[in-house]
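The values are calculated or read from the model by the stated rules, or taken from the named source; none is laboratory data. Because the structure is a prediction, the values reported are computed rather than measured. Note: ideal-geometry Cβ built from the backbone for every residue, glycine included; neighbour counts use all protein chains shown.
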Amino acid sequence: MQAMNEQVVTGATTVEEALAALEEIAENAQQVNEHMQDIDASMDRQATSANAVAETIGDVATAAEKVSAESDTVSGAAQEQTATLADAVKRAETLSETATHLQTELETFTIDGNTASVFQADSTETTTSSALDD
């Protein structure tokens, strides 16, 4: 009987040791599970961040396209202004040439009392009555 009693005690000790080992395994499994949940949460945050980065990149690309289009518009306007300015310069030069010519022609007139004399290129003088007396 004693032997049987010892076997029961040994069996109970073995069961207790096995139970303690199973409890330790359960605790370790719980810790692994918690770590897996932390990893899952971190991966979710990274996915959210990656989506935000992708959206920002899309916004930057859209803004870059707008800037490019506006740059083309500004470039076209600048070219148009350059052409308009070149035309204005050309007209100003023509006006200046005309003014110089008119100034030269004006210098050939002399006003003498109520008459004006015009000296023409062939050195003849033409006298006209002036309307200054009216």
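Remark: residue 3 falls outside the filter, which requires a residue to be surrounded by 10 or more Cβ atoms within 10 Å (Cβ to Cβ) and in a helix (DSSP H, G or I).
Rundown of residues vs (1) surrounded by 10 or more Cβ atoms within 10 Å (Cβ to Cβ); (2) at pLDDT below 95; (3) touching a Lys or Arg at 6+ places or on another chain (Cβ under 9 Å); (4) not polar (S, T, N, Q), yes/no style:
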residue	(1), (2), (3), (4)
62	yes, no, no, no
69	yes, yes, no, yes
74	yes, yes, no, yes
90	yes, no, no, yes
93	yes, no, no, yes
105	yes, yes, no, yes
109	yes, yes, no, yes
112	no, yes, no, yes
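Would you check if residue 51 is under 36 Å from the mean Cα position of the chain (by Cα), of a type in the set (S, T, N, Q), modelled with pLDDT of 95 or more and assigned to a helix (DSSP H, G or I)? So residue 51 passes the test.
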